[in-house]
Structure formats: C-alpha cells, structure tokens
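The values are calculated or read from the model by the stated rules, or taken from the named source; none is laboratory data. Given the structure is predicted, the values throughout are model-derived calculations rather than measurements. So basically every Cβ, Gly included, is an ideal-geometry build from the backbone, and we count neighbours across all protein chains shown.
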Amino acid sequence: MLSNQLKLLMIGCLLASSVVTCQDLGEDCVVKSNNRKGVCSYITDCKHVEYEFYHGFPFTSCGTLNGRKVVCCINPKSNQPKPTERTSTTTSGPLRVHKKKCLEYQSAIIESSKFSVGFEQEDIKTQNCLHKQVPLIVGGDNATAGEFPHMALLGYIIEKQVQWKCGGSLISEKFVLTAGHCLESFDFGNVTVVRLGELDYSTDLDKVRPEDINVLRRIPGPGYLGDLRYNDIALIELERIVKFTPSLRPACLPPIDGNYEKFIATGWGVTSFLGKDSTILQKVVLDWFSYDKCFKSYNTGTKELNQGIDSATQFCAGSEKEEKDACQGDSGGPMQIYYEGLYCMYKLIGVTSFGQSCATPGVPGVYTNIYYYLDWIEQTVWNVDLKGTEELLDVRNLK
Ligand SMILES: *[C@@H]1O[C@H](CO)[C@@H](O)[C@H](O)[C@H]1NC(C)=O
Ligand SMILES: *[C@@H]1O[C@H](CO)[C@@H](O)[C@H](O)[C@H]1NC(C)=O
C-alpha cells in the first residue's frame with residue numbers, strides 16, 4: 001500500500017510539467033545543466049537551486065511533495081557539515097558589491113527564445129555556458145570561442161594602425177581591469193581602444209563577434225608609479241556600456257585572499273616577455289610559487305623592484321617543468337580560476353604584471369594580487385561609498 005507521502009508525491013508529479021522525472025526525497029539524481037550527481041531534496045534545503053529558481057535559471061526538478069518543490073540538489077543542507085563558529089563568523093555578513101554584481105552578471109548566460117505550443121507562445125530560457133569546468137591539468141592550448149568571455153585585448157595606435165599589445169578582463173558593463181603599465185607605453189603611447197569577445201584576431205571567420213570600444217578614461221591603481229613595478233594594476237573605463245552575451249560578459253573578483261595552487265592564465269602572448277605571439281587566445285595552467293622561490297628569482301637589487309617582491313600585493317606563478325608554459329599570458333591579462341559554487345563563472349585572482357626571461361622552467365612570472373585592491377576597484381567601478389551601509393545578505397553558502 002502506498003504511504004500518504006508517496007501518494008502526494010505522485011499527485012505532485014502528475015501536476016508537474018511533462019519533462020519532470022518523478023523521484024522520491026533522498027533519491028539520487030543528475031543535475032541536467034552540468035551532469036553532476038545530486039540528491040532529491042526540498043528546494044528550501046538547497047541553496048544552489050533556490051538561487052537558480054529565484055533568478056529564473058533552469059533547474060532539475062524531482063517533483064513536488066506535500067506541496068513543496070523537490071529538486072535535484074548537489075549538496076543539500078542535510079548532507080552539509082554544521083558550520084563551525086569560526087567560519088560562520090568570518091564568512092557571513094554583508095555581501096560586498098562586487099559579489100552582488102557577480103551574481104547579477106551570471107544571468108548573461110541565460111538566453112531567451114520564443115517557442116510555440118499550439119496557439120500559445122512560451123518564453124523558453126536556456127543556459128548557454130560556453131565552457132566546461134575541466135580539471136586544472138592541461139598544458140598550453142588554444143582557447144575556444146566564448147571560453148573566456150571576459151578577455152580583452154588592448155589596442156594602441158601605431159602608425160595609424162591599431163596594434164594589440166596588452167590584455168585585460170571585463171569586470172562590469174563599462175570597466176576593464178588591466179596592469180598599470182598597460183595604460184601608457186613609451187613605445188606605443190596611450191591605450192585607445194579595447195576589443196572584447198575576440199578569439200583569433202587574424203580572422204573574421206572564427207565564429208565570434210568581437211566589439212571594439214574606445215577608451216574613455218585610464219585610471220592607474222593607487223600607488224602605481226610608472227618607473228616601479230609595484231601596484232601594477234589599472235582600470236579602463238569604456239566609452240559605452242557593453243551588452244552582455246554568453247560569449248561576452250564579465251568575470252568576478254576574489255571575495256577572499258585565498259591560497260590557490262593552480263591558476264589558468266590566458267592571453268594572446270602579444271607582449272615581449274611572454275614569448276611567442278599567437279593570434280588565437282591561449283590558455284595555460286600555472287602553479288603557485290612560494291615567496292621563497294619567487295624572491296630568489298627576483299633579487300631586490302634592481303631599480304624597478306627596489307624592495308623585492310611584495311608578498312601582500314604580488315604573487316608568483318609559473319611552471320616547474322614545461323618550458324613552453326613558463327611564461328604565457330599577456331601583460332594586463334588575467335590569472336583566474338573557476339568559481340567554485342557559481343556555475344559558469346570565473347574568479348580573477350591576479351593581473352599579469354611582469355616576468356624575467358621567457359621559456360625558463362622554474363622562473364615564475366609576477367602577478368598583481370587583485371584582492372588587495374578591491375576597495376579601490378569597488379569605489380571606481382560601482383561608486384561604492386565604503387562608509388555607507390549595504391544591504392545585508394547571508395553569504396555563508398557563497399565562497
Ligand atoms: C591552435 O590552432 C592553430 C590554428 O588552428 C593550430 O595550428 C594549432 O595546432 C593549435 N594548437 C594546438 C595546441 O592545438
Ligand atoms: C596619454 O594621456 C595623458 C593624459 O591621460 C597625456 O598627458 C599624455 O600626453 C598621453 N600620451 C600620449 C603619448 O599621447
């Protein structure tokens with residue numbers, strides 16, 4: 001005989017849409033958008049689905065039970081360890097503006113299309129994530145169309161022609177994050193144009209639709225002095241707002257000063273220290289280097305680095321073994337990781353600043369630690385008044 005609960009579950013399934021496969025609470029299921037294993041749970045026990053539901057993202061339903069939605073959940077509350085005192089006090093609190101914006105920008109992967117069902121038109125929303133989250137073990141390789149939708153090329157006018165000489169990352173509708181030394185170069189002058197959504201800049205046949213936007217404002221990071229290699233960070237304000245698409249949209253900023261072992265560096269390799277140029281966007285996985293190792297590679301005697309590597313604002317990464325990978329990327333381009341817990345988003349960790357000699361295994365490149373400049377970025381990009389109060393949101397489940 002069917003229990004009351006199961007009867008109700010079956011009724012819920014009949015009422016739910018035809019695509020729903022009916023499953024019981026606690027049963028294994030597969031989340032359709034990313035093929036990850038989940039467990040059927042009440043939607044209120046599932047942070048990620050609550051989020052998806054709230055923002056109109058598709059989610060995988062298991063049916064309804066007792067009038068409550070049952071969904072396929074990757075990490076339901078009942079499976080989670082209780083937060084310890086320390087983590088709950090250090091990670092909850094007001095959600096910073098960059099994090100709020102990041103959640104907002106995630107909706108750029110949603111595409112709407114009209115679909116006719118008989119006489120009715122239905123608005124179908126589909127997620128269009130153009131990159132898979134792959135284990136960070138790959139060597140250098142060509143990126144694919146839309147895989148790094150925040151990547152920017154910075155252009156300088158040389159003999160009336162635009163030349164792409166630095167990289168950058170789109171972080172809002174109007175701002176690109178780059179290195180301080182990319183704003184103005186002795187040889188090429190000021191950066192004047194930014195190209196977004198590009199894959200291979202030698203051809204128009206690469207299935208992407210890049211956009212060139214003029215630079216409105218060049219804003220060096222706080223403390224950046226052109227002749228020293230510290231605070232090598234900058235923002236570029238674009239002349240107009242960018243319309244986001246799944247293949248052209250911002251990356252997120254780092255919410256914590258985390259310890260990361262591996263990063264993905266991306267760029268066209270267009271600046272001198274970064275080795276061979278490629279007209280196709282390149283990606284490479286690099287390892288974090290300890291400060292000890294980094295100090296050894298960069299002694300303090302040089303004029304431009306008179307205080308050595310600064311462990312608060314700079315970090316080092318590279319490749320111990322493979323020569324070819326030791327120094328790819330671009331000045332101003334991003335050092336990023338996949339955003340754990342935030343579907344289809346990247347988290348920027350560093351800005352490529354400088355290197356020593358290219359293709360020398362064991363010699364790391366130096367990156368500006370973005371986390372250190374968050375206040376300045378938020379003030380400049382989103383006009384945050386740091387003394388003002390922000391809307392309070394619980395961020396315990398958002399890393
Ligand atoms: C990258 O693409 C180019 C042009 O299509 C090709 O010649 C090259 O072999 C590719 N590189 C890799 C590592 O696949
Ligand atoms: C670059 O822009 C600055 C103002 O932001 C200006 O003073 C400088 O002359 C420009 N440099 C070149 C080479 O045009």
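Step by step: first the residues of the range 220-243, then only those that are over 20 Å from GLY155 (Cβ atoms) and surrounded by 19 or more Cβ atoms within 10 Å (Cβ to Cβ), then the one that is modelled with the lowest pLDDT. Which residue is that?
ARG229
Are any residues in the range 282-306 touching an Asp or Glu at 6+ places or on another chain (Cβ under 7 Å) and exposed (fewer than 14 other Cβ atoms within 10 Å of the Cβ), and if so, which ones?
GLU304
Give me the pairs: first residue in the range 179-205 and closer than 22 Å to VAL242 by Cβ and basic (Lys, Arg), second residue part of a loop (DSSP other than H, G, I, E, B) and within 13 Å of ligand 2 (Cβ to nearest atom), beta-carbon distance under 9 Å, and six or more apart or on different chains, which are they?
none
Mind counting the residues in the range 175-216 that are outside any strand (DSSP E or B), within 11 Å of ligand 2 (Cβ to nearest atom) and more than 14 Å from VAL162 (Cα to Cα)? Break it down stepwise before answering.
Applying the first criterion (outside any strand (DSSP E or B)) to the range 175-216 yields 179-183, 186-188, 191-192, 197-199, 201-210.
Of the ones still in play, those that are also within 11 Å of ligand 2 (Cβ to nearest atom) are 183, 186-188, 191-192.
Narrowing further to those that are more than 14 Å from VAL162 (Cα to Cα): 183, 186.
The total comes to 2.
Confirm whether ILE171 is under 14 Å from the mean Cα position of the chain (by Cα), among the β-branched types (Val, Ile, Thr) and modelled with pLDDT of 95 or more. Can you show your working first?
Working: under 14 Å from the mean Cα position of the chain (by Cα): yes; among the β-branched types (Val, Ile, Thr): yes; modelled with pLDDT of 95 or more: yes.
Considered against the rule, which asks whether it is under 14 Å from the mean Cα position of the chain (by Cα), among the β-branched types (Val, Ile, Thr) and modelled with pLDDT of 95 or more, ILE171 comes out as yes.
Considering only residues that are assigned to a loop (DSSP other than H, G, I, E, B) and either modelled with pLDDT of 70 or more or touching a Gly at 6+ places or on another chain (Cβ under 8 Å) (or both), which ones fall in the range 22-56? Reasoning before the result, please.
Here is the first cut: in the range 22-56, the ones assigned to a loop (DSSP other than H, G, I, E, B) are 22-27, 32-35, 46, 55-56.
Result: CYS22, GLN23, ASP24, LEU25, GLY26, GLU27, LYS32, SER33, ASN34, ASN35, CYS46.
Quick one: in the range 274-297, of everything that is at pLDDT below 85 and among the polar types (S, T, N, Q), which residue is farthest from ligand 1 (Cβ to nearest atom)?
SER297
Suppose we filter the range 213-250 for residues that are over 23 Å from CYS102 (Cβ atoms), charged (D, E, K, R) and touching a Phe, Trp or Tyr at 6+ places or on another chain (Cβ under 8 Å); how many remain?
2
Taking the range 136-150 as the region of interest, how many residues are over 19 Å from TYR339 (Cα atoms) and either within 16 Å of ligand 2 (Cβ to nearest atom) or modelled with pLDDT of 90 or more (or both)?
The total comes to 1.
How many of the residues in the range 107-135 are touching a Phe, Trp or Tyr at 6+ places or on another chain (Cβ under 7 Å) and assigned to a helix (DSSP H, G or I)?
The qualifying residues number 1.
Within the group ASP204, ASP232, which residue is within 16 Å of ligand 1 (Cβ to nearest atom) and acidic (Asp, Glu)?
Details: ASP232 fails: within 16 Å of ligand 1 (Cβ to nearest atom).
ASP204 is the lone residue from the list that is within 16 Å of ligand 1 (Cβ to nearest atom) and acidic (Asp, Glu).
Does GLY223 satisfy the condition of being among the small types (Gly, Ala, Ser), over 23 Å from the mean Cα position of the chain (by Cα) and more than 14 Å from ligand 2 (Cβ to nearest atom)? Spell out how you get there, then give the answer.
Details: among the small types (Gly, Ala, Ser): yes; over 23 Å from the mean Cα position of the chain (by Cα): yes; more than 14 Å from ligand 2 (Cβ to nearest atom): yes.
Here the answer is yes, as GLY223 does meet what is asked.
One line per residue, one yes/no per condition, for (1) in contact with a Cys (Cβ under 8 Å, 6 or more places away or on another chain); (2) modelled with pLDDT of 90 or more; (3) of a type in the set (S, T, N, Q):
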site: LEU253; (1), (2), (3): yes, yes, no
site: SER272; (1), (2), (3): no, no, yes
site: LYS303; (1), (2), (3): no, no, no
site: ILE309; (1), (2), (3): yes, no, no
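Would you be able to say whether some residue in the range 236-256 is farther than 30 Å from ILE110 by Cβ and either within 16 Å of ligand 2 (Cβ to nearest atom) or touching a strand residue (DSSP E or B) at 6+ places or on another chain (Cβ under 7 Å) (or both)? Quick ask: steps written out before the conclusion?
From the range 236-256, those farther than 30 Å from ILE110 by Cβ are none; that's our starting set.
Within the range 236-256, not a single residue is farther than 30 Å from ILE110 by Cβ and either within 16 Å of ligand 2 (Cβ to nearest atom) or touching a strand residue (DSSP E or B) at 6+ places or on another chain (Cβ under 7 Å) (or both).
When you look at GLU211, is it in contact (Cβ under 8 Å) with a residue 24 or more places away in the chain and within 16 Å of ligand 1 (Cβ to nearest atom), yes or no? Before the answer, list the steps.
Working: in contact (Cβ under 8 Å) with a residue 24 or more places away in the chain: yes; within 16 Å of ligand 1 (Cβ to nearest atom): no.
No: the conditions fail for GLU211.
Which condition number in (1) away from ligand 1 (no atom under 16 Å from the Cβ); (2) among the small types (Gly, Ala, Ser); (3) closer than 25 Å to THR368 by Cα; (4) in contact (Cβ under 8 Å) with a residue 40 or more places away in the chain is the one that ALA108 fails?
(3)
Just give me the residues in the range 183-219 being closer than 11 Å to LEU235 by Cβ and either touching a Lys or Arg at 6+ places or on another chain (Cβ under 6 Å) or at pLDDT below 95 (or both), in sequence order.
If the condition is that a residue be closer than 11 Å to LEU235 by Cβ and either touching a Lys or Arg at 6+ places or on another chain (Cβ under 6 Å) or at pLDDT below 95 (or both), then LEU183 is the only one that fits.
Counting only residues that are at pLDDT 75 or above and of a type in the set (A, V, I, L, M), which one in the range 90-135 is nearest to ligand 2 (Cβ to nearest atom)?
Applying the filter and picking the extreme gives VAL97.
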